[in-house]
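What follows is a short report on a single structure.
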Number of protein chains: 2
Amino acid sequence: MNQIHRLAIVGGNHGNELTGVYLVKKFQQYPHLIHRASFETLSLLGNPKAITARTRYIDVDLNRCFDNKKLSDAKTSSYEELRAREIQQILQPQNQQNVDTIIDLHTTTANMGLCIILGNWHPLLLKLAADLSAINPLVKVYIHEQPKGSGFLRSLCNLGFAIEIGAVPQGILNAELFQQTEQLIYSVLDYFEDYNQGKNLPKNDLLTVYKSIGVIDYPRNEVGEIQAMIHPQLQFRDYEPLHPGDPMFITFTGEEILYQGNSTVYPIFINEAAYYEKGIAMHISEKELIKIS
Amino acid sequence: MNQIHRLAIVGGNHGNELTGVYLVKKFQQYPHLIHRASFETLSLLGNPKAITARTRYIDVDLNRCFDNKKLSDAKTSSYEELRAREIQQILQPQNQQNVDTIIDLHTTTANMGLCIILGNWHPLLLKLAADLSAINPLVKVYIHEQPKGSGFLRSLCNLGFAIEIGAVPQGILNAELFQQTEQLIYSVLDYFEDYNQGKNLPKNDLLTVYKSIGVIDYPRNEVGEIQAMIHPQLQFRDYEPLHPGDPMFITFTGEEILYQGNSTVYPIFINEAAYYEKGIAMHISEKELIKIS
């Protein structure tokens, strides 16, 4: 395995997710905090205009703009498409060292705790995830497979991943989650430092992962208006089993809508604010215990 | 006391506070739910453009546009200033019956539970508040004095008030809070119905109120950037006593900032997302037990 030479920490990919924004501002003010001897660490604000406007994005979701087509299309005109190309040029400059990994900082209104989202099954990422969950049992691991260049910032490189923290509303800082996220980032940096120095000792050889198998939308009428809310028994229950027949939604007039699937699934991203417009009430996943080699 | 002839329920005064938006949509679909024999009930969406855009407002905060100067200024040009005049014309049509009371539906990221916000000490409002808190002990009463025509929608009439529900993030529905808000509205309607019919029996003759005495901003640097977060020991502790010397904020580098006041206060609206830009980290109040006559 090659060494890690350059690592990027990105906050404010979504402008109203303040934890990442203020962590990156802190790292830019105190760079020694993210300095490690064996690699270079960049820190970067993703969407400055959206951060100023206290909104997720200005024109389109920046974190869906990192696909090969949009990045190479000279006719891109939205602010975020242009910004995605700028970010790519910073992280992957021509004829220079590209970043080897990206830590993309997010928050969610779902009760996801401290979640590491991996876009692939790269062994180094799985070992990292196992290490982090050994250090802090609150850490959860979600595998949401995305091919390289699929649109997400983290998909710019094989070792990119997201840290997704919740539940926290858009537009606010929760000090406890801020500090937990900060410690998690230091653990990631320490992990890569040890890795570069050949010191990685597996702290865990088994890892529980939640593997994405799809999404479920809200019940909607013919014009796309939602007709129900997340059921109170499901709200805040990310990572817990949802069995066939369990209540899933409740309509505005109080009728329960039950989960109709054939097998038990593990919902994640339950009631994420930004996903109403994307047609997503929750992600669903399978829970797996995997062996880390 | 005069009778209540017309009552208005307004949701979506802020476009990203979905509880009120979807309650008003429900009432418009099922008007019998808010029909009472002795008065007319209007239901109205406050800021349709902001609701569509899933944002608090388009140009300026609609709920600061109902002051006499803005409402009478023919040169108003922002979307919300124009919308405020439209709403005033609906609620207070010339030469027709004005609404006697307004229920303005809001949500907050602060942990305010089911809060009734009164803009004055009108005896009928205090009796209503005492009645509601007798029916549901979760109800809290906040008195934030505002003269008529001070900018808030509820200040259009003496008996206007807000229902402020939290904690709920902007942009999502929490089914449990949706249903509790709905029941609270029905209790208000039943109260006015009984009042019109001379049937109001005081359910409580004592009422705990939180009386606004000011606001506290985040510590900021010279360019207005916040330098600290709500302290974890204060987060979610709305209505609880804050004593001199208690931790109030924590800086990004972990230093505690203590409450420097001379007397115990009761913070409310702690860490409301929309108030970061307004220079408000929390409201502070005094707790009073008042006799309802």
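The values are calculated or read from the model by the stated rules, or taken from the named source; none is laboratory data. No experiment lies behind these values; they were computed from the predicted model shown. Here the Cβ is made from the backbone with ideal geometry for all residues, glycine too, and neighbour counts use every protein chain on show. Each accessible area value is taken on the protein alone, full model and side chains, heavy atoms only, with ligands, DNA and RNA left out. Shrake-Rupley method; radii C 1.70, N 1.55, O 1.52, S 1.80 Å.
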I'd like to check something: does the range B:135-143 contain any residue that is within 28 Å of A:Y276 (Cβ to Cβ) and not hydrophobic (A, V, I, L, M, F, W, C)?
no
Cβ pairs under 7 Å, 6+ apart or interchain, first in the range B:62-87 and not assigned by TED's automatic domain parsing to the domain that holds B:G11, second open to solvent by less than 40 Å² (accessible area, probe 1.4 Å) and part of a loop (DSSP other than H, G, I, E, B), ordered by first then second residue, are none
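Return the only residue of A:Q170, A:Q180 being open to solvent by 20 Å² or more (accessible area, probe 1.4 Å), part of a helix (DSSP H, G or I) and modelled with pLDDT of 95 or more. Write out each step before concluding.
Details: A:Q170 fails: part of a helix (DSSP H, G or I).
Step by step, each of A:Q170, A:Q180 is checked, and only A:Q180 is open to solvent by 20 Å² or more (accessible area, probe 1.4 Å), part of a helix (DSSP H, G or I) and modelled with pLDDT of 95 or more.
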For the range B:247-269 the number of residues that are outside any strand (DSSP E or B) and in contact with a helix residue (DSSP H, G or I) (Cβ under 7 Å, 6 or more places away or on another chain) is 2
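Return the total of residues in the range A:185-237 being of a type outside the set (K, R), under 23 Å from the mean Cα position of the chain (by Cα) and within 14 Å of another protein chain (Cβ to nearest Cβ).
Looking only at the range A:185-237, we keep the residues that are of a type outside the set (K, R), and these are A:185-198, A:200-202, A:204-210, A:212-219, A:221-236.
Narrowing the set further to residues that are under 23 Å from the mean Cα position of the chain (by Cα) leaves A:185-193, A:195, A:204, A:206-210, A:212-218, A:230, A:234-236.
Of the ones still in play, those that are also within 14 Å of another protein chain (Cβ to nearest Cβ) are A:185-186, A:218, A:230, A:234-236.
Total meeting the criteria: 7.
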All-but-one check, A:D131 against (1) at pLDDT below 95; (2) in contact with a Pro (Cβ under 8 Å, 6 or more places away or on another chain); (3) not in a helix (DSSP H, G or I), failing number (3)
Exactly one of A:D238, A:D205, A:D246 is of a type in the set (D, E, K, R) and under 26 Å from A:L7 (Cβ atoms), and that residue is A:D205
Scanning the range A:245-289 residue by residue, the ones that are buried (at least 20 other Cβ atoms within 10 Å of the Cβ) and either at pLDDT below 95 or of a type in the set (G, A, S) (or both) total 4
Over the range A:187-213, the set of residues open to solvent by 30 Å² or more (accessible area, probe 1.4 Å) and of a type in the set (F, W, Y) is A:Y195
Residue set A:I143, A:I135; condition open to solvent by 10 Å² or more (accessible area, probe 1.4 Å) and of a type in the set (V, I, T); output residue A:I135
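Considering only the range B:144-176, how many residues are within 14 Å of chain A (Cβ to nearest Cβ) and over 14 Å from B:L23 (Cα atoms)? It would help to see each step written out before you state the result.
Here is the first cut: in the range B:144-176, the ones within 14 Å of chain A (Cβ to nearest Cβ) are B:165-176.
With over 14 Å from B:L23 (Cα atoms) added as a condition, the list becomes B:166-171.
Looking only at that region, the number is 6.
Applying the selection to the range B:214-230, what residues are farther than 23 Å from B:Y142 by Cα, touching a strand residue (DSSP E or B) at 6+ places or on another chain (Cβ under 7 Å) and open to solvent by less than 50 Å² (accessible area, probe 1.4 Å)? Spell out the reasoning first.
Of the range B:214-230, the ones farther than 23 Å from B:Y142 by Cα are B:219-229.
Pick out the ones that are also touching a strand residue (DSSP E or B) at 6+ places or on another chain (Cβ under 7 Å) and you get B:219-220, B:226-229.
The answer is B:P219, B:I226, B:A228, B:M229.
Can A:S72 be described as of a type in the set (S, T, Y), open to solvent by 50 Å² or more (accessible area, probe 1.4 Å) and over 19 Å from A:E164 (Cα atoms)? Please lay out each step first, then the result.
Working: of a type in the set (S, T, Y): yes; open to solvent by 50 Å² or more (accessible area, probe 1.4 Å): yes; over 19 Å from A:E164 (Cα atoms): yes.
Answer is yes for this residue.
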Per the list (1) over 27 Å from A:I250 (Cα atoms); (2) in a loop (DSSP other than H, G, I, E, B); (3) more than 14 Å from every other protein chain (Cβ to nearest Cβ), residue check on B:D59 breaks on (3)
Does at least one position in the range A:31-50 carry a residue that is open to solvent by less than 10 Å² (accessible area, probe 1.4 Å), more than 19 Å from A:E272 (Cβ to Cβ) and among the hydroxyl-bearing types (S, T, Y)?
no
Among the residues of the range A:238-246, is there at least one that is within 30 Å of A:A8 (Cα to Cα), assigned to a loop (DSSP other than H, G, I, E, B) and within 26 Å of the chain's Cα centre (by Cα)?
yes
When (1) modelled with pLDDT of 95 or more; (2) more than 23 Å from B:I172 (Cβ to Cβ); (3) touching a strand residue (DSSP E or B) at 6+ places or on another chain (Cβ under 8 Å); (4) away from every other protein chain (no Cβ under 14 Å) are applied to A:I292, the one that fails is (1)
